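Reviewing the structure listed below.
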Amino acid sequence: MSYDVHIIGGGLAGSEAAWQLARRGARVRLSEMRGGGDMTPAHQGSGLAELVCSNSFRSDDDEKNAVGLLHHEMRRLDSLIMRAGEAARVPAGSAMAVDREVFSAEVEKALGQQSNIEIVRERIDALPSSGPTIVATGPLTAAALAQSIVAATGQDRLAFFDAIAPIVHFDSIDMDKCWMQSRWNKVDSAGGEGKDYINCPMTREQYLAFHQGLLDGEKGEFKEWETSTPYFDGCMPIEVMAARGVDTLRFGPMKPVGLDNPHDATPEFPQGRWPHAVVQLRQDNKLGTLWNMVGFQTKLKHAEQVRLFRTIPGLENAEFARLGGLHRNTFLNSPTLLDRQLRLRAAPHIRFAGQITGCEGYVESAAVGLLAGIMAADDLAGIPWTAPPATSAMGALLAHITGDAEADSYQPMNVNFGLFPPLHEVAKKQRKEAYTGRAKADFGAWLESMRVPA
């Protein structure tokens with residue numbers, strides 16, 4: 001099949017870009033190296049849009065949360081990632097989490113049903129010299145293509161570490177020591193019972209021993225090119241957090257507030273007391289057979305992980321479906337290298353999308369892919385591109401990537417209200433609702449001017 005746009009990379013961004021282009025009548029060649037004999041250091045299979053780290057798309061609250069607002073805007077643009085996410089959804093309180101295998105299968109099925117998308121399992125080793133192209137190879141871009149990007153950009157790549165949390169088999173968890181509860185009993189948008197997380201409580205003595213174990217545990221060795229690479233705070237390994245202070249974890253992934261341990265109930269506290277620290281596990285598949293350890297990304301060696309994590313109350317006999325890991329991610333200095341339409345200034349027929357642009361997070365990656373797809377479709381149709389307003393989640397994220405960030409200190413960024421034009425005149429307590437209210441109104445007006453498929 002001849003094609004109008006070549007997309008390199010079948011992750012969340014590439015899949016979303018292909019969907020948006022096809023929905024607007026463009027013919028797409030989607031090249032994905034996995035399934036053609038190649039693999040990345042972190043992926044497990046060949047499915048399109050495979051989720052490598054967490055299974056969570058984070059908050060789905062579009063009234064008070066920036067990523068929830070991004071969900072809302074993507075749904076209004078018929079996002080494939082949001083469609084597939086709903087089909088694969090599993091309980092996660094007010095967050096949106098998915099069954100990984102179901103999610104990937106839904107994405108691949110939807111793209112396979114589009115007659116104007118050709119999915120080709122092939123590795124692309126160099127940037128195309130001509131023709132509309134979207135590079136969405138993610139933070140684990142293959143070496144040859146990465147070097148081609150370096151040659152085209154005229155400067156070295158930036159990099160950070162991204163870490164993977166362990167996954168535990170549910171039937172190996174001792175529920176006589178653990179209990180199920182969402183923090184503050186918060187329910188999800190579907191109206192659950194506020195019991196979407198498994199909580200493993202720790203006393204002060206248990207926590208201090210665990211903290212010391214993280215500091216003393218044997219870690220995987222860093223390669224020479226990894227030693228000076230900074231971590232992204234949102235995916236920081238737990239042992240790195242532990243090294244920042246004895247109570248850092250208790251104010252981070254192991255915070256106990258809002259969690260009443262029913263195994264520690266008294267006449268004075270019939271619902272239970274807050275433990276000194278808590279390890280939380282979140283459902284990882286629809287069947288509820290796999291649960292991931294929230295915030296437990298790690299560089300610890302596998303044998304050390306098993307030994308140390310089995311000291312956690314309730315996980316003494318834990319069986320791990322996957323242990324934690326760590327890999328290097330690469331991204332462009334996009335504010336310098338890309339124009340406002342995600343085009344490479346040195347080669348404007350090439351757009352970049354997804355995490356390689358320096359956005360961080362599944363949803364952000366897919367959102368940038370969505371925008372790249374619409375931009376490319378408008379180019380083909382001869383329609384002038386108008387960016388979403390900077391007051392919207394998509395517009396704020398795009399503006400940050402393509403010029404609003406400080407190039408000298410550019411680092412991966414999740415969407416957050418700090419990227420939005422400020423609302424100083426609004427009281428702090430009402431500011432989140434004010435941001436989302438303004439965003440929805442402005443985004444709706446922008447949508448009316450868009451060429452949105454029926």
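The values are calculated or read from the model by the stated rules, or taken from the named source; none is laboratory data. Keep in mind it's a predicted model, so treat the numbers as computed, not measured. Heads up, the Cβs are rebuilt from the backbone with ideal geometry, glycines too, and the neighbour counts pull from every protein chain shown. Just so you know, the surface numbers come from the protein's heavy atoms only, side chains and all, with ligands and any DNA or RNA stripped out. Shrake-Rupley method; radii C 1.70, N 1.55, O 1.52, S 1.80 Å.
Over the chain, dividing the summed -39,500 (n - 2.57) contributions of all DSSP H runs of at least 4 residues by the number of residues returns a 222 nm mean residue ellipticity of -8500 deg cm²/dmol.
When the GluC sites (Glu not before Pro) in region 330-421 are filtered for DSSP coil states and for at most 12 other beta-carbon atoms within 10 Å of their beta-carbon, the remaining sites are Glu406.
What a 1.4 Å probe finds exposed on region 268-376 is 51% carbon and sulfur by accessible area, rounded to a whole percent.
When each of the peptides 104-110, 32-38 is scored by the mean number of other C-beta atoms lying within 10 Å of its residues, the order from highest to lowest reads 104-110, 32-38.
Taking the Cα centre of the chain as origin and charging only Cβ (+1 Lys, Arg; -1 Asp, Glu), how large is the dipole, in debye to the nearest 20? Could you put the intermediate results ahead of the total?
Working: 46 positive and 55 negative charges, 105 e Å.
About 500 debye.
Given the C-alpha atoms of the chain, compute the convex hull and give its volume per residue in Å³. Walk me through the intermediate numbers first.
Numbers: hull volume 68.5 nm³, N = 454.
Value for the chain: 151 Å³ per residue.
Put a dot 7 Å past the Cα of Thr266, heading toward its Cβ, do the same for His424, and the two dots end up 5.0 nm apart.
Contact order normalised by length for region 20-175, with contacts defined as Cα pairs under 8 Å and 6 or more residues apart; what percent is it?
Numbers: 179 pairs, mean separation 42.8, N = 156.
Dividing the mean separation by the residue count of region 20-175 yields 27 percent.
Does region 274-408 come out rounded, prolate or oblate by the C-alpha gyration tensor, with a ≥ b ≥ c the root eigenvalues, rounded set by a/c under 1.5 and, if not, prolate when a/b is larger than b/c and oblate if not?
On the way: a/c = 2.91, a/b = 2.54, b/c = 1.14.
Verdict is prolate for region 274-408.
Is the shape of region 337-454 rounded, prolate or oblate, going by the alpha carbon gyration tensor and its root eigenvalues a ≥ b ≥ c, with a/c under 1.5 for rounded and a/b larger than b/c for prolate? Oblate shape, in that a/c is at least 1.5 and b/c is the bigger or equal ratio.
Between Ile383 and Ala441, the distance separating the two model label sites (each 7 Å from Cα on the Cα→Cβ line) works out to 2.6 nm. Shown is the FRET efficiency for Leu287 and Lys109, computed with R0 = 22 Å from the Cβ-Cβ distance and rounded to the nearest 0.05: 0.65. If I model region 69-158 as equal point scatterers sitting on the Cα atoms and use the Debye formula, what is log10 I(q)/I(0) at q = 0.10, 0.13 Å⁻¹? Each listed q corresponds, in turn, to -0.42, -0.67. Our summary gives the chain a relative contact order of 21 percent, counting only alpha carbon pairs under 8 angstrom and 6 or more residues apart. When both region 318-380 and region 229-307 are represented by their alpha-carbon centers, they are found 30 Å apart. The label-point distance for Arg244 and Asp176, in a model that sets each label 7 Å from Cα toward Cβ, rounds to 3.8 nm. Show which lysines lie in cross-link reach of Lys429 when reach means a straight Cα distance below 17 angstrom and same-chain residues fewer than eight apart are skipped. By straight Cα distance, Lys429 reaches Lys64.
Hey, how many Å between the Cα centroid of region 107-154 and the Cα centroid of region 11-44? When both Cα centres are located, 7 Å separates them.
Just going by the charge dipole of region 250-291, with Lys and Arg at +1 and Asp and Glu at -1 on Cβ, which of Ala277, Gly258, Gly288 is farthest out on the positive end? Farthest along the dipole direction, towards plus: Gly288. For a straight C-alpha distance cut-off of 12 angstrom, the aspartates and glutamates reachable from Lys286 (same-chain residues fewer than eight places away being disregarded) are Glu86, Asp99, Glu101.
Would you work out if region 1-112 is rounded, prolate or oblate? Take a ≥ b ≥ c from the square roots of the eigenvalues of the alpha-carbon gyration tensor; rounded if a/c is under 1.5, else prolate when a/b is larger than b/c, oblate otherwise. Because a/c hits 1.5 or more and a/b fails to exceed b/c, region 1-112 counts as oblate. Counting only protein chain heavy atoms and rolling a 1.4 Å probe, the accessible areas of Met96, Met413, Met241 rank, largest first, as Met413, Met241, Met96. Per residue, region 1-48 exposes 31 Å² of accessible surface when a 1.4 Å probe is rolled over the protein heavy atoms with every protein chain present.
Pulled fully out, how much extra length does the chain show between Ala434 and Glu221, if you take 0.36 nm times their separation in residues and subtract their Cα-Cα distance?
On the way: separation 213, 0.36 × 213 = 76.68 nm, distance 4.72 nm.
Separation in residues times 0.36 nm, less the Cα-Cα distance, equals 72.0 nm.
Of all aspartates and glutamates in the structure, the ones whose alpha carbon falls short of 15 Å from that of Lys177, not counting any fewer than 8 places away in one chain, are Asp260, Asp264, Glu316.
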